[in-house]
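The values are calculated or read from the model by the stated rules, or taken from the named source; none is laboratory data. If you're wondering where the values come from, they're calculated on a predicted model, not measured in any experiment. With ideal geometry, Cβ positions are generated from the backbone for all residues, glycine too; neighbour counts draw on all protein chains shown. In case anyone asks, the SASA skips ligands and DNA or RNA and just uses the protein heavy atoms, side chains included. Shrake-Rupley method; radii C 1.70, N 1.55, O 1.52, S 1.80 Å.
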Amino acid sequence: MPTVFNHRHLLGISELSAGEITHLLDTAETFRDVSRREIKKVPALRGRTVINLFFEPSTRTRTSFEIAAKRLSADAINISVSTSSVSKGETLLDTARNLEAMSPDCIVLRHSMAGAPYHLARICNASIVNAGDGAHEHPTQALLDALTIRERKGRIAGLNVAIIGDMLHSRVARSNIYLLTKLGATVRIAGPGTMVPKEFAELVDVGLRIAPSVAEAVSGADVVMILRIQRERQDAAFFPSLREYAIHYGLHADHLQQAAPDAIVMHPGPINRGIEIASELADGNQSLILDQVANGVAVRMAVLYLLAGGSRDGFIEESNGPAKPERKERQGNKG
Amino acid sequence: MDGARISRALARLASEIVEENHGTSDLYLVGIRRRGVPLAERMADKIADLEGVRPPVGIVDITLYRDDLSTVGAKPIVNRTELDDIENRNIVLIDDVLYTGRTIRAALDQLIDFGRPRRVQLAVLIDRGKEHRELPIQADYVGKLVPTKRSEIIKVMLNEFDEEEGVVIVERPAAAAEAV
């Protein structure tokens, strides 16, 4: 019996086993075919409702979830909430209670606070999908990156993956590090010293290496993953200027020559051309940036199918979230 | 029913299919996962023996089209559907057992999403009998009609998936097996 995926929510990669991740990727591979058909729709989630609740701006991820839901015949509703004026905790709770009253099957949440989806998972009957929570996790991004790597390289185990950029603010980096190391890849990271969190040192045991420079991280790498400089989160001075960042931590053509000959370049988007990645590399033939976007729809279809498809019984209850480890059993289980 | 009898039943179905369709032109065999797929492959070989031309074989996985998807507990594993252009083709759907007809309904819905075939026929190795049908669906080609009770399960075993080859009737709480 192969490993199946029986979680009620998808909150982060850190809670998943290698078998569960592989099952998600295998399912996504099947869904990739649906997007290549003339009629890009299957009836699997007919009559189910998916709410995309986004407290942060997003085009790619929100559209990707919306298309994924619609290709499964679910009804997708998008809600974008500005957080500028209201206290975030209250808004999230109130919004969640109101949405819950309309019985959605799945809520896809993006929020600037780490742990927000865990909070929602405690109060909602709907399945919660984390579409990015602060600097914590962005599990579907890591899954689509893994699907892209697997598609091109045929495997994840044994690969050398370099991740370059701002680790401190990057939920993409965290989810990817968890996923890639769980599946047996070696991950080398490089970024400004101010932007590599101290706690990453604990991950050295599972296959994380902290490289002193971009050149050393990229040298011999099979996969080079570039992170976006998140200008909206630069409230403190982590590096002197964007120009300086581009010189020391941007990916240039001569870096790539040191990587494995068939190395691939990835970026979660949106790209800051000429800052974290040279423009010609983003458009080059080693770049898989648009494959990543295509695979995003397949991965999100797989996630929605595995969470919102089938009966709502028989889920294993989620393990502890990072916010409140002593989580109690959910009240009023939905049948 | 043992391996030799499965093979003879398939050979007869192959000749019936060829006769009914006046040869193999346009013929497209489509196996329903899982056990319909090896049966379709074997059927194509039998047709090749008869006509010298092997018809193409496609695969449908009906998981996403199941009408009980919202009630089954564990989410069924989704496998690939592999179909070429079916527009205006002459399709023979192939499955191991015809019981309620719901699998065939799902397969038909999926086919229609891929295009508009000229004709769709149904071939099954075992027909459990019309009284079990929950939809107005009948097979055009039947390997063997096996009237069964609801409390029984037909187990089709094929070398491709199982250790042995044969068809047996099993009591639902897996008790003694009786050869068909």
Considering only residues that are of a type outside the set (A, V, I, L, M, F, W, C) and either surrounded by fewer than 24 Cβ atoms within 10 Å (Cβ to Cβ) or out of contact with any helix residue (DSSP H, G or I) (no Cβ under 8 Å at 6 or more places or on another chain) (or both), which ones fall in segment A:182-191? A:LYS182, A:GLY184, A:THR186, A:ARG188
Just one of the numbered conditions (1) touching a helix residue (DSSP H, G or I) at 6+ places or on another chain (Cβ under 9 Å); (2) at pLDDT below 95; (3) among the aliphatic types (A, V, I, L, M) is not true of B:LEU122; which one? (2)
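Yes/no per residue for (1) on the phi < 0 side of the Ramachandran plot; (2) in a helix (DSSP H, G or I); (3) modelled with pLDDT under 95:
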residue	(1), (2), (3)
B:ARG12	yes, yes, no
B:HIS22	no, no, yes
B:MET43	yes, yes, no
B:VAL78	yes, no, yes
B:ILE86	yes, no, yes
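Residue-wise test of (1) over 29 Å from A:ASP75 (Cβ atoms); (2) buried (at least 21 other Cβ atoms within 10 Å of the Cβ); (3) among the acidic types (Asp, Glu); (4) in contact (Cβ under 8 Å) with a residue 60 or more places away in the chain.
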{"site": "A:HIS111", "(1), (2), (3), (4)": "no, yes, no, no"}
{"site": "A:TYR118", "(1), (2), (3), (4)": "no, yes, no, yes"}
{"site": "A:ALA121", "(1), (2), (3), (4)": "no, yes, no, yes"}
{"site": "A:ALA142", "(1), (2), (3), (4)": "no, yes, no, yes"}
{"site": "A:ARG150", "(1), (2), (3), (4)": "yes, no, no, yes"}
{"site": "A:ILE156", "(1), (2), (3), (4)": "yes, yes, no, no"}
{"site": "A:GLY165", "(1), (2), (3), (4)": "yes, yes, no, yes"}
{"site": "A:ARG171", "(1), (2), (3), (4)": "no, yes, no, no"}
{"site": "A:ILE177", "(1), (2), (3), (4)": "yes, yes, no, no"}
Here are some residues: B:ALA107, B:ALA123. Which one is buried (at least 20 other Cβ atoms within 10 Å of the Cβ) and within 14 Å of another protein chain (Cβ to nearest Cβ)? B:ALA107
Matching residues, segment A:246-267, being open to solvent by 20 Å² or more (accessible area, probe 1.4 Å) and not in a helix (DSSP H, G or I): A:HIS252, A:PRO261, A:ASP262
Answer yes or no: is there a residue in segment B:139-154 that is away from chain A (no Cβ under 14 Å), outside any strand (DSSP E or B) and modelled with pLDDT of 95 or more. yes
In this structure, does B:ASP67 turn out to be within 14 Å of chain A (Cβ to nearest Cβ) and either surrounded by fewer than 18 Cβ atoms within 10 Å (Cβ to Cβ) or in a loop (DSSP other than H, G, I, E, B) (or both)? yes
Yes/no for A:ASP145 being outside any strand (DSSP E or B) and either under 11 Å from the mean Cα position of the chain (by Cα) or assigned by TED's automatic domain parsing to the domain that holds A:ARG97 (or both): yes
Within segment A:123-140, residues being open to solvent by 40 Å² or more (accessible area, probe 1.4 Å) and touching a residue at least 60 places away in the same chain (Cβ under 8 Å) number 1
Does at least one position in segment B:71-81 carry a residue that is among the basic types (Lys, Arg), open to solvent by 60 Å² or more (accessible area, probe 1.4 Å) and more than 14 Å from chain A (Cβ to nearest Cβ)? no
Starting from segment A:261-286, take each residue that is without any contact (Cβ under 8 Å) to a residue 24 or more places away in the chain and list its partners that are in a loop (DSSP other than H, G, I, E, B) and among the hydrophobic types (A, V, I, L, M, F, W, C), counting only C-beta distances under 6 angstrom and pairs at least six apart or across chains. A:ALA282/A:ILE271
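Let's see how each residue does on (1) open to solvent by 50 Å² or more (accessible area, probe 1.4 Å); (2) closer than 26 Å to A:THR22 by Cβ:
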site	(1), (2)
A:LEU180	no, yes
A:GLY193	yes, no
A:GLU199	yes, no
A:ASP205	yes, yes
A:SER213	no, no
A:GLU216	yes, no
A:VAL224	no, yes
A:ARG228	yes, no
Considering only strands (runs of 3 or more DSSP E) fully contained in segment A:32-133, which possess at least 2 residues that are modelled with pLDDT of 95 or more and under 17 Å from the mean Cα position of the chain (by Cα)? A:106-111, A:127-133
Condition met for B:ASN90 (facing another protein chain (nearest Cβ under 9 Å) and surrounded by 15 or more Cβ atoms within 10 Å (Cβ to Cβ)): no
Exactly one of (1) of a type outside the set (Val, Ile, Thr); (2) within 19 Å of the chain's Cα centre (by Cα); (3) open to solvent by 10 Å² or more (accessible area, probe 1.4 Å) is unmet by A:ARG243. Its number? (2)
Could you say whether any residue in segment B:111-119 is within 16 Å of the chain's Cα centre (by Cα), without any contact (Cβ under 8 Å) to a residue 40 or more places away in the chain and in a helix (DSSP H, G or I)? no
Among what's in segment A:10-65 and is of a type in the set (Lys, Arg) and more than 14 Å from chain B (Cβ to nearest Cβ), pick the residue that is most open to solvent (accessible area, probe 1.4 Å). A:ARG60
